[in-house]
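Q: Attaching a single structure in structure tokens format; questions to follow.
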Amino acid sequence: MKSSNYFEFFSPVKINSGEQALSTLGYELEQLHVNNPLILTNQSIDELKILDILLSNIKNIEINERQIIKTIPNQANLENVKKASERYKELNCDGIIALGGEAIIDTAKGVNLIITEKIDDLKQLIGIETAHGDMQPFIVIPTTSGTGSEAALNAVISDRNSKNNLEFVSSKLMPDLAIMDPRMTFTLPPRLTASTGVDALVHAVEAYTGLQTNPLSDAYAFAALKLIGRNLEPLVNDANNKEYRIAMNNAGLMAGIAFSNSHAGIIHAIGDACEKISNVSHGDVLTVLLPHGMFYNLKFDYCRKSYQDILLALEGTEKFVDTNEKDRALMAVDAVVCILNELRLLTGIPVRLEEIGVKRSEFEQIIDKAMHNSALLNSAGQVQREDIKNILEAAF
Amino acid sequence: MKFLHHLIDKLILSLIGRSFSILSDQDPGIKRELSYLPEEFIIAIAVEKNGRYMIVQKIEDSIKYYGYHNQTKNIDLKLYFKDEEFAYQVLAAKEGIRQAFSEHKVVVEGDLEYAVSLIYILEIIEAYIMSDQFIERVLENKFTSKISRLKLIVKALFLFREKGEI
């Protein structure tokens with residue numbers, strides 16, 4: 001297989017990360033000329049008083065209740081995007097703030113598309129690079145880390161009528177600003193912290209081994225892996241530790257930038273398929289599939305080379321030097337398995353598909369779905385149905 | 001040189017469309033991917049956004065070839081390259097469509113799952129009409145031909161394109 005000799009890399013998001021990062025919000029709104037933002041969030045974020053922290057940091061602007069939509073569900077859908085867009089127009093808003101996880105961020109991306117492209121039906125823009133207008137100012141304040149949505153150029157929005165997930169991929173979807181403040185993610189319990197951390201780990205690993213791997217995304221993925229290797233387990237042990245939390249927020253963000261530019265691969269393709277067919281959680285299924293996907297990739301030369309770097313990032317120089325060159329790729333998989341085992345001991349994250357509710361009778365449907373996931377085209381080799389079946393069987 | 005590339009792009013894309021129609025009844029891989037697409041599904045492919053689109057439609061599990069068209073309304077899936085030179089790399093068998101897709105050289109308007117099906121189909125068609133070296137270099141999977149290259153090309157040349165409104 002030939003590695004790529006051409007790449008595109010795009011990451012225009014301004015990032016304010018760290019302690020008290022949210023206090024820059026007033027200044028940033030002014031810089032973006034936003035005087036009347038629409039805030040998208042959900043009820044639990046309000047109950048956890050995270051919304052209050054946000055509002056206390058918006059100075060010189062009056063926010064009324066109607067500018068805050070607290071009813072965004074756990075899966076972005078067309079109806080909510082439409083309702084939020086109507087509210088945006090009705091209140092003459094001039095910017096969007098997404099406070100929450102992936103679903104809220106994806107809903108906000110959908111609103112931005114509808115407003116900017118002046119359309120009624122978001123389905124007109126399904127696909128890759130279908131948006132062309134100048135987008136509305138858009139600020140993302142994530143309350144989970146690991147998804148990388150704050151730096152991702154895609155949005156997945158479900159159509160309840162057709163029961164399909166609509167995928168939008170465009171560099172225009174990236175926010176102008178992402179604010180990563182540890183106060184926003186402190187409330188994550190250890191189990192969810194482990195799960196979102198593994199999500200970031202998968203993003204970094206897949207960004208490193210896809211067909212579109214390139215020096216720039218590699219730099220982000222490598223840095224993310226280093227942070228994950230040093231901070232994920234300590235953070236799960238001490239979920240309120242600010243230092244570890246900031247490090248993992250940054251890791252999730254960098255892994256997001258990496259995989260947004262060099263795509264996900266076979267692990268995500270199968271994981272997404274399991275999510276859709278067996279209705280299992282994204283974090284759990286990726287946790288189970290990660291070592292099996294990596295093991296499958298060991299048969300490709302360039303993946304083995306990339307995995308050597310993964311060993312260096314996760315385990316450090318000493319272990320890297322002490323390991324025979326031909327064993328380094330395998331040891332990288334072993335390092336990942338060790339991380340997962342530690343996390344299982346601490347939080348009970350799953351190791352088998354059966355454990356999370358995937359049924360063997362669903363395999364054919366999962367394979368069909370995974371084969372038609374665009375991430376699979378970016379995976380090493382030309383993945384066949386049989387390859388996916390083998391991974392599913394091994395992970396079952 | 002640009003004109004030559006333009007000519008090659010146009011000819012090969014037309015050959016791909018015609019071959020798609022012929023192979024839709026013969027190749028099991030194409031049949032399987034076609035079964036994934038809805039009935040009366042219309043696909044448009046161009047070498048660049050503002051170029052003419054080669055249009056095909058799935059009707060009763062077969063493909064009808066409509067030739068090149070300017071109007072691209074009622075299209076379910078549109079695929080074009082960011083630049084004609086990118087298209088040339090793929091159509092002149094210097095790079096696989098999968099690689100071009102991964103490298104962000106391809107723009108897709110429509111459902112990405114269907115786009116993935118189309119890319120699998122294009123790979124199979126390329127395997128039929130391109131050289132054996134290309135198959136070996138770009139397409140790693142096992143490929144079993146159901147019709148000889150020469151026979152396919154001759155059949156494709158004599159294929160009538162469908163007339164009328166799309």
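Q: Determine whether residue B:124 is modelled with pLDDT of 90 or more and either within 16 Å of residue B:12 (Cβ to Cβ) or basic (Lys, Arg) (or both).
A: yes
Q: Need pairs with beta-carbon distance below 6 Å; first residue closer than 29 Å to residue B:108 by Cβ and within region A:352-373, second among the small types (Gly, Ala, Ser); sequence gap 6+ or separate chains.
A: Cβ pairs passing all conditions: A:362/A:278; A:366/A:273; A:369/A:273; A:370/A:269; A:370/A:273; A:373/A:269.
Q: Continuing with this model, one more query. Here is a list of conditions, (1) assigned to a helix (DSSP H, G or I); (2) modelled with pLDDT of 95 or more; (3) closer than 16 Å to residue B:89 by Cα; (4) of a type in the set (A, V, I, L, M, F, W, C), and residue B:45 meets all of them except one; can you say which number that is?
A: (1)
Q: What tally of residues in region A:33-65 results from selecting those that are in contact (Cβ under 8 Å) with a residue 24 or more places away in the chain and under 25 Å from the mean Cα position of the chain (by Cα)?
A: 14
Q: Could I ask something else about it? Can you tell me which of A:89, A:82, A:70 is under 28 Å from residue A:250 (Cα atoms), basic (Lys, Arg) and in contact with a helix residue (DSSP H, G or I) (Cβ under 9 Å, 6 or more places away or on another chain)?
A: A:70
Q: I need a count of the residues in region A:381-395 that are at the interface with chain B (Cβ under 10 Å from one of its Cβ atoms) and surrounded by fewer than 16 Cβ atoms within 10 Å (Cβ to Cβ).
A: 2
Q: A follow-up question, please. Taking the residues in region B:89-111 that are buried (at least 22 other Cβ atoms within 10 Å of the Cβ) and over 17 Å from residue A:211 (Cβ atoms) as candidates, determine which candidate is nearest to the chain's Cα centre (by Cα).
A: This residue is B:91.
Q: Looking at region B:7-58 only, could you name the residues that are out of contact with any strand residue (DSSP E or B) (no Cβ under 9 Å at 6 or more places or on another chain) and of a type in the set (Lys, Arg)?
A: B:31, B:32, listed by residue number.
Q: When you scan region B:116-138, how many residues do you find that are more than 7 Å from chain A (Cβ to nearest Cβ) and without any contact (Cβ under 8 Å) to a residue 40 or more places away in the chain?
A: Here the count works out to 9.
Q: Another question about this same structure. Looking at region A:173-180, can you tell me whether even one residue there is part of a strand (DSSP E or B), touching a Leu at 6+ places or on another chain (Cβ under 9 Å), outside the structural domain of residue A:217 (by TED's automatic domain parsing) and not aliphatic (A, V, I, L, M)?
A: Checked region A:173-180: no residue is part of a strand (DSSP E or B), touching a Leu at 6+ places or on another chain (Cβ under 9 Å), outside the structural domain of residue A:217 (by TED's automatic domain parsing) and not aliphatic (A, V, I, L, M).
Q: Please enumerate the residues belonging to region A:254-296 that are within 15 Å of the chain's Cα centre (by Cα), aliphatic (A, V, I, L, M) and within 13 Å of another protein chain (Cβ to nearest Cβ).
A: A:264, A:269, listed by residue number.
Q: Right, another one. If you check every pair at least six apart or on different chains, which have Cβ atoms under 7 Å apart with a residue in region A:272-291 that is in the same structural domain as residue A:359 (by TED's automatic domain parsing) and outside any loop (DSSP other than H, G, I, E, B) first and a residue that is modelled with pLDDT of 95 or more and of a type in the set (Gly, Ala, Ser) second?
A: A:273/A:370; A:278/A:357; A:282/A:271; A:285/A:271; A:286/A:271; A:288/A:395; A:289/A:271; A:289/A:395
Q: Right, something else. Limited to region A:360-380, what total is found for residues that are under 24 Å from the mean Cα position of the chain (by Cα) and surrounded by fewer than 18 Cβ atoms within 10 Å (Cβ to Cβ)?
A: Result for region A:360-380: 1.
Q: Name the one entry in A:259, A:295 that is over 22 Å from residue A:364 (Cβ atoms), hydrophobic (A, V, I, L, M, F, W, C) and surrounded by fewer than 20 Cβ atoms within 10 Å (Cβ to Cβ).
A: Just a single option satisfies the conditions, and that option is A:295.
Q: I'm trying to understand the selection: among the residues of region B:65-98, which are closer than 24 Å to residue A:382 by Cβ, away from chain A (no Cβ under 12 Å) and either polar (S, T, N, Q) or in a helix (DSSP H, G or I) (or both)?
A: Residues satisfying the conditions are B:87, B:88, B:90, B:91.
Q: Let me ask something else about it. What do you reckon, is residue A:5 exposed (fewer than 13 other Cβ atoms within 10 Å of the Cβ) and either assigned to a helix (DSSP H, G or I) or within 14 Å of chain B (Cβ to nearest Cβ) (or both)?
A: Taking the combined requirement at face value, the residue satisfies it.
The values are calculated or read from the model by the stated rules, or taken from the named source; none is laboratory data. Note that the structure is a prediction, hence the values are computed from the model and not measured. Glycine also receives a Cβ, built like all others from the backbone with ideal geometry; neighbour counts cover every protein chain displayed.
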